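First comes the structure, then the notes that go with it.
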Amino acid sequence: MNLKQKYGNTALVAGASEGIGAAFATHLAAEGMDLVIIARRLQPLEQLADLLKNKFRINVKCISCDLSEFNATQLVEEALNGLDISLLVYNAALSYIGPFLKNSVEDHNRAAVLNMITPLNLVRLFGEKMSTRGKGAVVLMTSLACFQGSGYLAVYAATKAFNRILAESLWYEWKNSGVDIIACCAGATATPGYKNSHPEKTGFFTPRVLDPEEVADECLKKLGKQPSFITGRGNRIASFIMQKIMPRKMAVNIMGDTTRKMYRV
Ligand SMILES: NC(=O)c1ccc[n+]([C@@H]2O[C@H](COP(=O)([O-])OP(=O)(O)OC[C@H]3O[C@@H](n4cnc5c(N)ncnc54)[C@H](OP(=O)(O)O)[C@@H]3O)[C@@H](O)[C@H]2O)c1
């Protein structure tokens, strides 16, 4: 059974125009699902939509929406105009790299809405409809930063922990309902966002940088099988050492030191 047969006709990818979001959209289109794709910039969304429509003969609806606005879920619901969503991928995120006190309350609030409040509201909205239908699926993109305090990425790491815990909790609540949910804990992935941040090699605990397609493909294979997972073998090994072998204090120090060196903070 492919994803369309298992979950239904239409997938919504929030944060879809490039990187991991575009890779999810492409994988889902290749399985024959119609798409709703969301980002702020309409032009890259429409380019992707044209490509996927021509290649896979599917329908694609583009929604330009800033998901860091408090009323984003309401705007998305209005734009959908009653269209049923069978599979939700929440991929968009914002990370400020640097000292916590360098960013304003407004900046931190914007990250909190984009990374936590909007996915929470969309999961509440679509989760209810999926539960009523007795089928559906949700993917929440999170990060290796979600496993421990991560200095200079404090708000990002905290919001990513929220997503992992939300997905794992709902996986338990929904496991006999026909609705699957998974938290995808990604390590470094070669997306435009990652490349534009110009990370330095630190030489320590730096597993291979994955391609966005590897992340999306691995995640959709694991969907329905476990509550959360870590992308790529190298990331799993590094995470195992940090979570299961090192004392917590050491893991937190390594995360902070690595981020400081990677981004020359
Ligand atoms: N790349 C990595 O190394 C890495 C590592 C760990 C976890 N992750 C996670 O993977 C996910 C994707 O990362 P990525 O590197 O692919 O991100 P990205 O390259 O920055 O792409 C993010 C996508 O989200 C959209 N987006 C960003 N802000 C938005 C907003 N306010 N409203 C609506 N759409 C918005 C962007 O389009 P617009 O700019 O047009 O809005 C774009 O389509 C994130 O959840 C991130 O935390 C990534």
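Taken together, the values in this text are just the output of simple stated rules run on the coordinates, not laboratory data. Predicted model only: the values in this text are computed from it and were never measured. Note that each Cβ is placed from the backbone with ideal geometry, even for glycine, and that neighbours are counted across all protein chains shown.
Side notes on the structure shown:
- Hits among lysines - C-alpha to C-alpha of Lys249 under 30 Å, sequence gap 8 or more where chains match: Lys102, Lys160, Lys195, Lys201, Lys261
- In straight-distance terms, cross-link reach from Lys6 covers every one of the lysines whose alpha-carbon lies under 18 Å from its own, apart from those fewer than eight places away in the same chain; here that gives Lys129, Lys135, Lys175, Lys221, Lys222, Lys225.
- Each residue of segment 169-174 was assigned a 3J(HN,Hα) from its phi angle through the Karplus expression (A = 6.51, B = -1.76, C = 1.60, θ = phi - 60°), giving 5, 6, 4, 5, 4, 9 Hz with x at Gly and Pro.
- Once the C-beta distance of Ile245 and Glu173 is scaled by a Förster radius of 41 Å, the resulting FRET efficiency is 0.85 to the nearest 0.05.
- Size of the chain from its Cα atoms: along the principal axes, largest to smallest, the extents are 48, 37, 32 Å.
- All Cα-Cα separations within segment 33-108 were binned at 10 Å from zero, giving a P(r) of 16, 41, 27, 13, 4, each value a whole percent of the pairs.
- Scanning residues 5 or more positions from Tyr96 or on other chains, those with amide H under 5 Å from its amide H are Tyr156, with H placed 1.01 Å from N in the peptide plane.
- Each Lys and Arg contributes +1 and each Asp and Glu -1, all at the Cβ; summed about the Cα centre of the chain, the dipole is approximately 840 debye.
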